[in-house]
1. One residue is enough: does region 77-86 have a residue meeting the conditions among the aliphatic types (A, V, I, L, M) and either at pLDDT 95 or above or surrounded by 11 or more Cβ atoms within 10 Å (Cβ to Cβ) (or both)?
2. Considering only region 55-76, state which residues are within 17 Å of Y86 (Cβ to Cβ) and either among the β-branched types (V, I, T) or in a helix (DSSP H, G or I) (or both).
3. Just give me the residues in region 60-76 being modelled with pLDDT under 95, of a type in the set (S, T, N, Q) and open to solvent by 60 Å² or more (accessible area, probe 1.4 Å), in sequence order.
4. Counting only residues that are under 17 Å from I89 (Cα atoms) and part of a loop (DSSP other than H, G, I, E, B), how many does region 6-54 have?
5. Give region 49-59 a look and list any residue that's small (G, A, S) and open to solvent by less than 40 Å² (accessible area, probe 1.4 Å), or say none.
6. When both residues are 6+ apart or on different chains and their Cβ atoms are under 6 Å apart, which pairs have a first residue that lies in region 21-48 and is open to solvent by 40 Å² or more (accessible area, probe 1.4 Å), and a second that is part of a loop (DSSP other than H, G, I, E, B) and modelled with pLDDT of 95 or more?
Amino acid sequence: YNYVPFIYSRKENITIINNTILDYIKNFDSKGLLEYVSKNKLTTCGVGAIVVAMEICKNIGLNKVNLLQHYNSCDVNNDYENIVSYASIKFG
């Protein structure tokens, strides 16, 4: 897709991005998440659905986030040229 947000320290930079996104989710900060993704031109798949889920949870009084699993494709295939991150999150 020719999307290369950084050339060096790819895994470290991906970790920073992922942790920041996960922090926004853990804090139910929909606005902050959308601003962060937009400002940094991130290709975060499902960000709209994530925000909808966060807002629904807030509206019905759910306030817990459990990170069930998180890893990057480079953890599996050692390809640091094309990295995709995966996270499973349970709201409750």
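The values are calculated or read from the model by the stated rules, or taken from the named source; none is laboratory data. Please read all numbers here as calculations on a predicted model, not as lab measurements. Quick reminder, even Gly has a Cβ in these numbers, built from the backbone with ideal geometry, and neighbours come from all protein chains shown. We work out accessible area using only protein heavy atoms, side chains counted, and drop any ligands, DNA or RNA first. Shrake-Rupley method; radii C 1.70, N 1.55, O 1.52, S 1.80 Å.
1. Yes, there is a match, as at least one residue in region 77-86 is among the aliphatic types (A, V, I, L, M) and either at pLDDT 95 or above or surrounded by 11 or more Cβ atoms within 10 Å (Cβ to Cβ) (or both).
2. V65, S73, C74, D75, V76
3. Correct list: N63 only.
4. Residues in region 6-54 being under 17 Å from I89 (Cα atoms) and part of a loop (DSSP other than H, G, I, E, B): 6 in total.
5. A53
6. none
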